[in-house]
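Input: a single structure, listed below in structure tokens.
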Amino acid sequence: SAKKTIDAAIYNNNRNDLTSALQVAQTRGVRVRYIAAESTGNSALTPNPNFPVLYGNSSALMHNKFLVIDAELPTDAWVMSGSMNWTNANMVQDYNNSLFIQDQSLARAYELEFQEMWGSAGALPNAGNSRFGSSKKDNTPHQFIIGGRAVESYFSPSDKVTSRIVSAIESAEYKTSFAIFTFTKDEIGNALIARHQSGAWVRGIVENTGDIGAEYTGLLSNGVPTKDHPAGPLLHHKYVVLDAGYPASDPVVVTGSHNWSQAAESENDENTLVIHDADLATLFQAEFERRWLETGSATYAAAERSFEAYPNPVRDQLFLRHRDGSEWSATIEIRDIFGRRLSVQDITGQVGVLDLNGLAAGNYLISLITKGGIYSLPLQK
């Protein structure tokens with residue numbers, strides 16, 4: 001549906017159907033410009049298409065996955081962003097997200113970023129003027145109002161994106177849920193641990209738990225409920241959703257191409273959106289809960305003891321057990337997010353069962369009061 005221009009910055013592409021669609025647009029008179037990563041396979045760009053292609057970032061990754069369509073047409077300007085590469089695996093197997101946003105101001109900001117890498121405002125690239133990675137400048141606007149919603153836009157590595165992600169996490173009052181492909185950035189790990197220790201409900205899923213410097217173990221050792229995504233389709237997301245279900249707070253979604261790594265922060269070409277939107281946060285939270293449930297029962301470590309609570313989210317009955325299967329006894333208190341005690345039950349045995357039929361849907365905190373101490377677990381009904 002593009003009328004005049006398409007700018008594509010796509011990390012890798014083996015989808016001949018998408019390349020064909022761009023070629024058809026070029027043939028009908030749309031100006032198509034394409035930036036691909038120099039460091040990865042792009043089989044769908046061979047043989048050379050009928051539109052110009054610039055291969056960029058020889059020292060790191062041109063890791064973007066965005067489109068800018070008709071940036072100069074107020075009601076037809078679109079931006080596509082998110083985590084999804086143009087590959088068969090990413091589009092039909094792996095877990096990803098894509099956003100399409102109709103807004104001319106945002107489209108123009110993305111066009112500025114594209115042209116900084118392209119080295120030209122014209123149809124053909126100027127390699128002598130193009131800037132990738134750490135040579136780029138912070139030269140795009142960051143604050144937008146789109147459909148009455150505040151949206152922030154940042155590009156790596158010029159815009160100090162790690163600090164933007166940390167600021168967003170620190171703004172959450174009640175709930176933080178993250179799903180991330182690669183997570184090695186200490187600053188973000190520390191921010192999540194701090195939110196957890198403040199009493200907020202923090203959970204996360206990580207794909208690459210074996211990376212050098214991965215935050216996964218540190219999160220677990222500090223009691224943050226964090227899951228290793230199982231084998232199979234990749235969890236390729238790079239998002240955090242904040243205070244979903246709490247519209248009076250400021251529900252936020254942070255997503256884009258930026259993994260939580262030093263390479264994304266300082267070397268790669270990346271894009272990130274911070275979207276203040278209660279409805280979008282609800283959608284991302286629903287995706288998070290689906291992925292959370294398929295990874296098995298949640299395990300929370302506390303004071304060198306480990307309990308499992310499952311299923312979580314729960315409908316009618318919650319099962320509690322010590323991870324080593326031993327006998328235990330506790331008084332169980334259920335409190336709401338304001339700390340008000342709603343019920344008290346005593347449990348003895350290997351597996352405890354909490355009857356939650358009388359509990360309204362919402363977010364709660366369970367306290368297990370035992371001889372060894374008090375252990376707290378988040379619960380969603």
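Within the range 189-205, the set of residues being hydrophobic (A, V, I, L, M, F, W, C) and under 10 Å from Pro378 (Cα atoms) comprises Ala200, Trp201, Val202.
The set of residues in the range 125-155 that are polar (S, T, N, Q) and more than 19 Å from Ser105 (Cα to Cα) comprises Asn126, Asn129, Ser130, Ser134, Ser135. Between a residue in the range 1-24 that is closer than 10 Å to Trp86 by Cβ and any residue that is open to solvent by 10 Å² or more (accessible area, probe 1.4 Å) and of a type in the set (A, V, I, L, M), which pairs come within a Cβ distance under 6 Å, given they are 6 or more apart or on different chains? Correct list of pairs: Ala8/Leu67.
Looking only at residues in the range 53-78 that are closer than 16 Å to Tyr110 by Cβ and of a type in the set (Phe, Trp, Tyr), the one that is least open to solvent (accessible area, probe 1.4 Å) is Phe66.
The lone criterion from (1) touching a residue at least 40 places away in the same chain (Cβ under 8 Å); (2) within 18 Å of the chain's Cα centre (by Cα); (3) under 21 Å from Asp243 (Cα atoms); (4) open to solvent by less than 40 Å² (accessible area, probe 1.4 Å) left unmet by Ile146 is number (2).
A quick yes/no check of all residues on (1) exposed (fewer than 15 other Cβ atoms within 10 Å of the Cβ); (2) touching a residue at least 60 places away in the same chain (Cβ under 8 Å); (3) closer than 13 Å to Ser153 by Cβ:
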site: Tyr95; (1), (2), (3): no, yes, no
site: Leu99; (1), (2), (3): no, yes, yes
site: Asp103; (1), (2), (3): no, no, yes
site: Glu111; (1), (2), (3): no, yes, yes
site: Pro125; (1), (2), (3): no, yes, no
site: Lys136; (1), (2), (3): no, yes, no
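Kindly establish whether Ser326 is hydroxyl-bearing (Ser, Thr, Tyr) and part of a strand (DSSP E or B). So Ser326 does not fit the description; no.
Within the range 347-370, can you find the residues that are assigned to a loop (DSSP other than H, G, I, E, B) and either of a type in the set (Lys, Arg) or over 19 Å from Tyr246 (Cβ atoms) (or both)? Walk me through it before giving the result.
Of the residues in the range 347-370, the ones assigned to a loop (DSSP other than H, G, I, E, B) are 350, 356-362.
Answer for the range 347-370, where residues must be assigned to a loop (DSSP other than H, G, I, E, B) and either of a type in the set (Lys, Arg) or over 19 Å from Tyr246 (Cβ atoms) (or both): Gln350, Leu356, Asn357, Gly358.
Of the residues making up the range 254-277, none is free of Cβ contacts under 8 Å to residues at least 12 places away in the same chain, out of contact with any strand residue (DSSP E or B) (no Cβ under 7 Å at 6 or more places or on another chain) and surrounded by fewer than 23 Cβ atoms within 10 Å (Cβ to Cβ). Among the candidates Ala360, Ala330, the residue that is within 26 Å of Ser198 (Cβ to Cβ), open to solvent by less than 70 Å² (accessible area, probe 1.4 Å) and out of contact with any Gly (no Cβ under 8 Å at 6 or more places or on another chain) is uniquely Ala360.
I'm checking my understanding of the structure. Among residues of the range 336-346 that are assigned to a strand (DSSP E or B) and at pLDDT below 85, which one is farthest from the chain's Cα centre (by Cα)? Lay out the reasoning, then the answer.
Filtering the range 336-346 down to residues assigned to a strand (DSSP E or B) leaves 336, 341-346.
Keeping just the survivors that are at pLDDT below 85 gives 336, 341.
On the way: Asp336: 27, Arg341: 33 Å.
This residue is Arg341.
Residues in the range 176-208 that are farther than 19 Å from Gln285 by Cα, at pLDDT 95 or above and polar (S, T, N, Q): Thr182, Thr184, Asn190, Asn208. Can you work out which of the residues in the range 11-52 that are closer than 23 Å to Ser134 by Cβ and open to solvent by 20 Å² or more (accessible area, probe 1.4 Å) is nearest to the chain's Cα centre (by Cα)? Ranking the candidates gives Tyr11 first.
Residues Glu187, Glu173, Glu215, Glu207: which one is among the charged types (D, E, K, R) and under 14 Å from the mean Cα position of the chain (by Cα)? It would help to see each step written out before you state the result.
Numbers: Glu187 fails: under 14 Å from the mean Cα position of the chain (by Cα); Glu173 fails: under 14 Å from the mean Cα position of the chain (by Cα); Glu215 fails: under 14 Å from the mean Cα position of the chain (by Cα).
On inspection, the qualifying residue turns out to be Glu207.
Scanning the range 304-320 for residues that are out of contact with any Phe, Trp or Tyr (no Cβ under 7 Å at 6 or more places or on another chain), at pLDDT 80 or above and either part of a strand (DSSP E or B) or charged (D, E, K, R) (or both) yields Arg315, Asp316, Gln317, Leu318.
Based on what the data block shows, is Asp159 open to solvent by less than 10 Å² (accessible area, probe 1.4 Å), among the charged types (D, E, K, R) and closer than 29 Å to Asp269 by Cβ?
Values: open to solvent by less than 10 Å² (accessible area, probe 1.4 Å): yes; among the charged types (D, E, K, R): yes; closer than 29 Å to Asp269 by Cβ: yes.
Yes: the conditions hold for Asp159.
The values are calculated or read from the model by the stated rules, or taken from the named source; none is laboratory data. On a predicted model such as this, the values are computed, not experimentally measured, just so you know. Heads up, the Cβs are rebuilt from the backbone with ideal geometry, glycines too, and the neighbour counts pull from every protein chain shown. Keep in mind that these areas ignore ligands, DNA and RNA; they rest on the heavy atoms of the full protein, side chains included. Shrake-Rupley method; radii C 1.70, N 1.55, O 1.52, S 1.80 Å.
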